[in-house]
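Student: Structure provided below as structure tokens; questions to follow.
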Amino acid sequence: MEIHNYTNESLAFQDQDYYDIDFWTGTQFVTKKILGATIRAGIQSGVFILASNTTDDITEGATNKFNVTHTGEVTGSAALTISANAVTNAKLAQIPTATLKGRTTAGTGNVEDLTAAQATAIMNVFTDLLNGLVPASGGGVVNFLRADGSWAPPAGSGIIPQAQVITETAIGSSVTTLVYTAIQNIFLPTGTWLVTISGECTHNLNNTSTFVGIAVAGVYENGTGREIRAKAGGDYSAFATQKILTIVGLQTISMVAKVPSGTGTIRNRVISAIKLS
């Protein structure tokens, strides 16, 4: 047996120091680190026994095991690994409320804790072909979400207080054959509907007629025309007309108008519909 002292030039063993001891196992020399107190006790008694199952002066027993093969969530002996599907949520690091696991940093890498805003930013936006998040509306109270994933105001309907000018350009002289100018639209599906139009009109020529009516898919509905003789100078006259319409498929309902001469103006126009069947 050879004793090497790494803390002193003399062989004065310190109880709390460790010393390398080379001993013969019968087949080879093995170096062990032995506590100075253990060496001193062996020398004093004249007996120094180093069991083959001793590592660094710790004897293997019920509570001390060497190179044990681990089982359970962590497996292996010298090189340990975590078993598949062994880490539960309770064993993960805690995260703040409303946090998702994911990754926003470019490239492959470690999992990151994402805020709701970060998670939203990496998700698809819904379109006519793709499931996903609703796109930002841009605010306001006018636009509605369409099936193609865009926001747009509904075609027509409701009160539009701004005045619109209707001229006689490219229109004929008979109310049943006019090429009408559509000034407001709504869309109605298949069914029987009671459609009403109303508003106010004026004319640049005193006591000159303005004709209004209802059109389906741009075609004037006979019997819905109303003639309004308005005074000039911004004096508006109220009008209203209605008709029961049988609609097949989704159809555009328009308020149409014409003036035989001069220029007419309509304001506060409304198209409404009640489904009868």
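Student: With respect to residue 86, is the statement that it is modelled with pLDDT under 90 and either hydroxyl-bearing (Ser, Thr, Tyr) or part of a loop (DSSP other than H, G, I, E, B) (or both) true? Outline the logic, then answer.
Tutor: Numbers: modelled with pLDDT under 90: yes; either hydroxyl-bearing (Ser, Thr, Tyr) or part of a loop (DSSP other than H, G, I, E, B) (or both): yes.
Yes; evaluated as a whole, the condition is true for this residue.
Student: Could you run through region 215-267 and say how many residues are within 14 Å of residue 196 (Cβ to Cβ) and in contact with a Pro (Cβ under 6 Å, 6 or more places away or on another chain)?
Tutor: Qualifying residue count for the region: 0.
Student: Specify which of the listed residues (132, 158) is surrounded by fewer than 15 Cβ atoms within 10 Å (Cβ to Cβ), at pLDDT below 80 and out of contact with any Asp or Glu (no Cβ under 6 Å at 6 or more places or on another chain).
Tutor: It is 158.
Student: Separate question: Across region 193-229, what is the number of residues that are within 21 Å of residue 273 (Cα to Cα) and either within 40 Å of the chain's Cα centre (by Cα) or not polar (S, T, N, Q) (or both)?
Tutor: Within region 193-229, residues that are within 21 Å of residue 273 (Cα to Cα) and either within 40 Å of the chain's Cα centre (by Cα) or not polar (S, T, N, Q) (or both) number 20.
Student: Of the conditions (1) at pLDDT 85 or above; (2) touching a Leu at 6+ places or on another chain (Cβ under 9 Å); (3) of a type outside the set (Asp, Glu); (4) surrounded by fewer than 16 Cβ atoms within 10 Å (Cβ to Cβ), residue 273 satisfies every one except a single condition; which number is it?
Tutor: Result: residue 273 fails condition (4) only.
Student: On the given criteria, is residue 214 part of a strand (DSSP E or B), in the same structural domain as residue 269 (by TED's automatic domain parsing) and either of a type in the set (Lys, Arg) or exposed (fewer than 15 other Cβ atoms within 10 Å of the Cβ) (or both)?
Tutor: no
Student: Name every residue in region 135-152 that is over 19 Å from residue 187 (Cβ atoms) and surrounded by fewer than 10 Cβ atoms within 10 Å (Cβ to Cβ), in order of residue number.
Tutor: Those that are over 19 Å from residue 187 (Cβ atoms) and surrounded by fewer than 10 Cβ atoms within 10 Å (Cβ to Cβ): 136, 138, 139, 140, 141.
Student: Counting only residues that are part of a strand (DSSP E or B) and either modelled with pLDDT under 80 or under 38 Å from the mean Cα position of the chain (by Cα) (or both), which one in region 232-253 is surrounded by the fewest Cβ atoms within 10 Å (Cβ to Cβ)?
Tutor: Filtering region 232-253 for residues that are part of a strand (DSSP E or B) and either modelled with pLDDT under 80 or under 38 Å from the mean Cα position of the chain (by Cα) (or both), the one surrounded by the fewest Cβ atoms within 10 Å (Cβ to Cβ) comes out as 252.
The values are calculated or read from the model by the stated rules, or taken from the named source; none is laboratory data. Values in this document were obtained by computation on a predicted structure and should not be read as measured data. Note: ideal-geometry Cβ built from the backbone for every residue, glycine included; neighbour counts use all protein chains shown.
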